[in-house]
Amino acid sequence: MAESVEQHPQTLTEDERAELARLRAEVARLRTTRGKRRFAWKSLAAGVLLVIGCLLAPLSLLTVWVHNQVADTDRFVATASPLIRDPAVQAAVTDRVSDTIFSQLDIEGLARDAVTALGTQGVPPVVTDTLQGLVGPLASSVRSFVHDRVADLVASPGVAQLWDQTIRTAHEQMNAVLSGNSQAVVVSGGEVRLDLAPFITAAKQQLVASGLTVAARIPDVHPTIPITDATTLTRAQRGYSLLDTMATWLPWVMLVLLALGVYLARHHRRALLGAGLGIALSMLVVAAALLITRGALVGAVPPRAAIATGDSYDIIVRFLRDGLRTVFAVGVVVAAGAFLAGPSTTAVAIRKGTKKAIGVLRFGGLRTGPVGPWVHAHLTALRVALVGVAVLVFVFLDRPSGLTVLIIALVLVFCLAVVQFLDQPASAARG
């Protein structure tokens, strides 16, 4: 081009010569700065924010789960209620209760003493000798009978209801004490003291119901007895308050950090892809940690109790596993969306294939009519609205599962495909 300009300088105007000089200066500037590497603070900040956000994802999940178990009585009961209904746990409880009963009762010794007493009463020796030989089978039969009756009792609906009532009452009392709302437990003089007024009221009512009506004259008094040092309760209440704060704000902090990281990144789509994969990977790490913990707990107990221990652990952490599956699905969906929007060969091929399939439907006789130009004019707004609706549906669902996330993503993809089908410029619609 430079040779052409030198051979035919008369063909360039003054404005063209000025533009050519400007372009040459720009090329020279670019050549001088090509080898220089400038430190990108925004890129570094984006990377740090994304890493911290991905690390906070499992911590947020664990904090929310622990908070739900400690502060939400209904959630705790829903978690612990199936324990007494699990067959392996019922078998373990039955064995423990039966062993405890027979550790206090020597059935075989009692039977031998009874046979000896019969001998002293004049029963012939041939009879007592025969009975002494039956002492062992008799004790074994009694043990089997007691074990079966205990098993029936443990598996009965009454015991399950008693279990639910017991754990609910205990959790409510613990929650009231930790939150500082308990009227029965007070702090006075550096000690945690139990207020006996509720017990006195209950005793007064019982005495009146038994006929001792003079007990109704007992006034409302509040004697207390010391339980423990107040320092322990104060620490527990501080931990409870900290847990409540973390469970409320930590997930939002994680989301803000991830959003800032994506915003500051030079390539927003790549940052979003990395955030989705990072969250999914962190959930896999939590799942692996749960499996390792389960194996350690099962291996630490005798083989007789291994099944009950494993089943109990699975029951306790099942809501935590549901939560990590949900977050994992969200991470995978976000990463998949960012990947499909990228310039890779696979993503381009998928988008072209989708457009081709929609074109086949359109040319096969399906027309958009006057809707096509309107959709074409508001295409971006429609896409943003669909994504926003999908996000709102996920946010306002009560305890969404991983399957729910996948269903929402598939419905969103279908709606976007419908919008793509309806998208048609006015000229194409007229044609």
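Observations, loosely collected:
- Within segment 342-358, the set of residues being without any contact (Cβ under 8 Å) to a residue 40 or more places away in the chain, surrounded by 12 or more Cβ atoms within 10 Å (Cβ to Cβ) and among the charged types (D, E, K, R) comprises just one member, 351.
- Checking each residue of segment 391-399 against the condition of being surrounded by 14 or more Cβ atoms within 10 Å (Cβ to Cβ), touching a helix residue (DSSP H, G or I) at 6+ places or on another chain (Cβ under 8 Å) and aromatic (Phe, Trp, Tyr) gives at least one match.
- Against the list (1) modelled with pLDDT of 90 or more; (2) among the β-branched types (Val, Ile, Thr); (3) over 26 Å from the mean Cα position of the chain (by Cα), the condition residue 218 fails is (1).
- Entry remark, segment 284-341: residues being free of Cβ contacts under 8 Å to residues at least 24 places away in the same chain and within 14 Å of residue 58 (Cα to Cα) number 2 in total.
- Candidates 325, 321 - the one that is part of a helix (DSSP H, G or I), of a type in the set (Lys, Arg) and in contact with a Ser or Thr (Cβ under 7 Å, 6 or more places away or on another chain): 325
- Residue among 254, 283 that alone is closer than 12 Å to residue 52 by Cα, in a helix (DSSP H, G or I), assigned by TED's automatic domain parsing to the domain that holds residue 395 and of a type in the set (A, V, I, L, M, F, W, C): 254
- Segment 69-98 - residue that is touching a Leu at 6+ places or on another chain (Cβ under 8 Å) and not assigned by TED's automatic domain parsing to the domain that holds residue 163 and, of those, farthest from residue 149 (Cα to Cα): 71
- Filtered residue count, segment 286-325, keeping only those that are under 30 Å from residue 49 (Cα atoms) and among the small types (Gly, Ala, Ser): 4
- Scanning segment 272-316 for residues that are crowded, with 17+ Cβ neighbours inside 10 Å and under 12 Å from the mean Cα position of the chain (by Cα) yields 283, 286.
The values are calculated or read from the model by the stated rules, or taken from the named source; none is laboratory data. Remember, it's a predicted structure, so these values are computed and weren't measured experimentally. We place every Cβ from the backbone using ideal geometry, glycine too, and count neighbours over all the protein chains shown.
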